[in-house]
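Trainee: Please read through the structure below; I'll follow up with questions.
The values are calculated or read from the model by the stated rules, or taken from the named source; none is laboratory data. Keep in mind it's a predicted model, so treat the numbers as computed, not measured. Quick reminder, even Gly has a Cβ in these numbers, built from the backbone with ideal geometry, and neighbours come from all protein chains shown. For the accessible areas, the whole protein counts, side chains as well, though only heavy atoms, and no ligand, DNA or RNA atoms are used. Shrake-Rupley method; radii C 1.70, N 1.55, O 1.52, S 1.80 Å.
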Amino acid sequence: MMALLPYELRRSRKYRYLVLGCRWDKASVPIYEAASRGKPCPLLKTLLSSYCRNECKYCALRKGRRAPRDKWSVGELAKVAAKLYAEGRIRGIFLSSSVDADPDEVVMREVEVVREARKLGFKGYVHLRLMPGTSRWAIREAASVADRIGINLEAPTDEDFSEMCPDKGDFDNDLFKRLRWAVEEAERFRCRAGVDTQLVVGAVGETDWSHIKITYELYRGFGLRRVYYSGFEPIPGTPYEGRKPCASWREHRLYQVSYLIRDYGFTLEELSDVVDDEGFLWNEDPKLVYVKKHPDLFPIDLNEASLEEIMRIPKIGPVRARRILRLREERTIRRPSDLRGTLEEWVIRRITPYVAFERRTLL
């Protein structure tokens, strides 16, 4: 990946301190291999600045920690983005920043980078990260130039946020209200990728259930397109350096639950069955956990079941469920072999115990 960047950029401090240094944005290489609808979408993902005036207790770039600092100028970053785009090395840019000034000033620098890059020929995808406390006017300006905008909530509750980010602002006013504004402005300007946010998992002993509840509200109440999770890892020189890191599987299981909310139509009541008595997920596919707790719902008749009921079957998601609906418009599904050509052979074998076939024959 490093060979993709011009030599002068690879040698620069900004490359080392801003692109490689985006610890909580998960940027470990200059060209970030994102995906869009299953296809790779390489992005230039960078911080505008690594200077910060906040003291977030988990962050490598908190004000009170000794760390390399640098910042891009608007013109410099715009030229880099335009050059990489013209050479076909990126399809878009993802700009975030530490909070080194007034929130509106930070966000407007991001906006100006995009505008300058556009003047230089950049026509790719744009994802902008807003700052806590950003005004509605600045959010509107960001939405007018971006395909996706978002603001990181960091924590699932007000109490957890206050513990993690004691001077970053008010959870309800500076984050939640701004997130709702972002959704409204994204709809106004028809940002094709909508609005997203990010939560840090496992920093303050919070439960998975608290993450599930806020995720449910963000998808169902706010209409967010994506909720990201970043498993906590202790960083030397921060107040949380002695805390245990978040298990990688926990982050993975939360993503699985988030898809059950966003794509499968699971309710909070149903999801209460996938956590233990203390509110934590098991290291098992949460959909399978739900199925095991509800044997009364199975087997399912594929000829009569609703889309939502079919999607409760393990290994059946929205795409496969809709294939089944189309198939049953053509013929009655009586046996596993009727699904051949509609579902993969391994999927048919896996779903057989959960489907009410007239004749249970092996494939």
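Trainee: Roughly how many debye, to the nearest 20, is the charge dipole of the chain about its Cα centre, given +1 on each Lys and Arg Cβ, -1 on each Asp and Glu Cβ, and no other charges? Present the calculation step by step, with values, prior to reporting the outcome.
Mentor: On the way: 65 positive and 55 negative charges, 396 e Å.
That gives a dipole near 1900 debye.
Trainee: Could you tell me the accessible area of Ser248 in Å² (1.4 Å probe, neighbours in place), rounded to the nearest ten?
Mentor: 100 Å²
Trainee: Might you work out the accessible area of Phe280 for me, using a 1.4 Å probe with all protein chains in place, and round it to the nearest 10 Å²?
Mentor: 60 Å²
Trainee: Once the convex hull of the C-alpha atoms of segment 70-140 is built, how many Å³ does it hold per residue, rounded to a whole number? Mind dumping the intermediate values first?
Mentor: Details: hull volume 5.9 nm³, N = 71.
Per residue, the Cα convex hull of segment 70-140 comes to 82 Å³.
Trainee: With all distinct Cα pairs included, what does the Kirkwood hydrodynamic radius of segment 161-319 come out to in Å, to one decimal, could you say?
Mentor: Values: mean 1/r = 0.0571 Å⁻¹.
It is 17.5 Å.
Trainee: Shape of segment 282-332 from its Cα gyration tensor (a ≥ b ≥ c, root eigenvalues): rounded if a/c is under 1.5, otherwise prolate when a/b > b/c, or oblate?
Mentor: Values: a/c = 3.69, a/b = 1.86, b/c = 1.98.
Judged from the Cα gyration tensor, segment 282-332 comes out oblate (a/c at least 1.5, b/c at or above a/b).
Trainee: Now a separate question. Percent of Cα-Cα pairs more than 27 Å apart in the chain, please. Present the calculation step by step, with values, prior to reporting the outcome.
Mentor: Working: 35341 of 65703 pairs.
Summing the P(r) of the chain above 27 Å gives 54 percent of all pairs.
Trainee: Take the residue pairs Lys63/Lys177; Lys63/Lys287; Lys39/Lys83 and return only those whose Cα atoms are more than 32 Å apart. Don't jump to the answer; show the numbers that get you there.
Mentor: On the way: Lys63/Lys177 25 Å; Lys63/Lys287 42 Å; Lys39/Lys83 22 Å.
Among Lys63/Lys177; Lys63/Lys287; Lys39/Lys83, the Cα-Cα distance tops 32 Å for Lys63/Lys287.
Trainee: Here's another thing I want to ask about it. Under the definition of Cα pairs under 8 Å and six or more residues apart, what whole-number percent is the relative contact order of segment 146-304? Intermediate values should be presented prior to the final figure.
Mentor: Numbers: 203 pairs, mean separation 32.2, N = 159.
The value is 20 percent.
Trainee: While we're on this one: For segment 283-357, which trypsin sites (Lys or Arg not before Pro) are in a loop by DSSP, counting at most 10 other Cβ atoms within 10 Å?
Mentor: Values: sites: Lys287, Lys292, Lys293, Arg312, Lys315, Arg320, Arg322, Arg323, Arg326, Arg328, Arg331, Arg334, Arg340, Arg349, Arg350; in loops: Arg312, Lys315, Arg331, Arg334.
Within segment 283-357, the qualifying trypsin sites (Lys or Arg not before Pro) (loop, at most 10 other Cβ atoms within 10 Å) are Arg331.
Trainee: Give me the log10 of I(q) over I(0) for segment 193-249 at q = 0.17 Å⁻¹, as the Debye formula computes it from C-alpha points; what are the numbers?
Mentor: Debye intensities relative to I(0), on a log10 scale: -0.62.
Trainee: Rounded to two decimals, what is the ratio between the C-alpha radius of gyration of segment 291-360 and 2.2 N^0.38 Å? Walk me through the numbers before you get to the answer.
Mentor: On the way: Rg = 10.9 Å, N = 70, 2.2 N^0.38 = 11.1 Å.
Against the empirical 2.2 N^0.38 Å value, I get 0.98 for segment 291-360.
Trainee: So which aspartates and glutamates pass the test for Lys123, namely a Cα distance under 12 Å, with those fewer than 8 places away in the same chain ruled out?
Mentor: Straight-distance partners of Lys123: Asp147.
Trainee: Can you tell me the mean projection area, over all orientations, of the convex hull of segment 104-185's alpha carbons? Units nm², please. Provide the component values of the computation, followed by the final result.
Mentor: Working: hull surface 21.2 nm².
Approximately 5.3 nm², given one-decimal rounding.
Trainee: Can you give the helix-only mean residue ellipticity at 222 nm for the chain, where every DSSP H stretch with n ≥ 4 adds -39500 (n - 2.57) and the sum goes over all residues, rounded to the nearest 500 deg cm²/dmol? Intermediate values should be presented prior to the final figure.
Mentor: Details: 13 runs with 124 residues, N = 363.
Calculated from helices alone, the mean residue ellipticity at 222 nm is -10000 deg cm²/dmol.
Trainee: Moving on. May I ask you to give the solvent-accessible area per residue for segment 263-363, in square angstrom, as obtained with a 1.4 angstrom probe? Let's see the in-between values first.
Mentor: Values: 5690 Å² over 101 residues.
On a per-residue basis, 56 Å².
Trainee: Now for a different question. When only the heavy atoms of the protein chains count and the probe is 1.4 Å, how do Thr342, Thr46, Thr332 rank by accessible area, highest first?
Mentor: Details: Thr342 25, Thr46 0, Thr332 65 Å².
Listed by decreasing accessible area, they come as Thr332, Thr342, Thr46.
Trainee: What is the Rg over Rh value, at two decimals, for segment 220-308, using alpha-carbon atoms and the Kirkwood definition of Rh?
Mentor: Details: Rg = 16.7 Å, Rh = 15.4 Å.
Rg divided by Rh gives 1.08.
Trainee: A follow-up question, please. Segment 54-191: percent of C-alpha pairs farther apart than 21 Å? Intermediate results must be reported in sequence, preceding the final value.
Mentor: Numbers: 4304 of 9453 pairs.
It works out to 46 percent of all Cα pairs.
Trainee: Can I ask one more? By its C-alpha gyration tensor, with a ≥ b ≥ c as the square roots of the eigenvalues, how is segment 315-355 shaped: rounded for a/c under 1.5, else prolate for a/b larger than b/c, else oblate? It would help to have the intermediate numbers written out before the result.
Mentor: Working: a/c = 1.66, a/b = 1.18, b/c = 1.41.
The shape class here is oblate.
Trainee: Next question, about the same structure. Excluding ligands, DNA and RNA, what is the solvent-accessible area per residue of segment 65-160 at a probe of 1.4 Å, expressed in Å²? All intermediate terms of the calculation are to be shown ahead of the outcome.
Mentor: Details: 3620 Å² over 96 residues.
Per-residue accessible area for segment 65-160 comes out at 38 Å².
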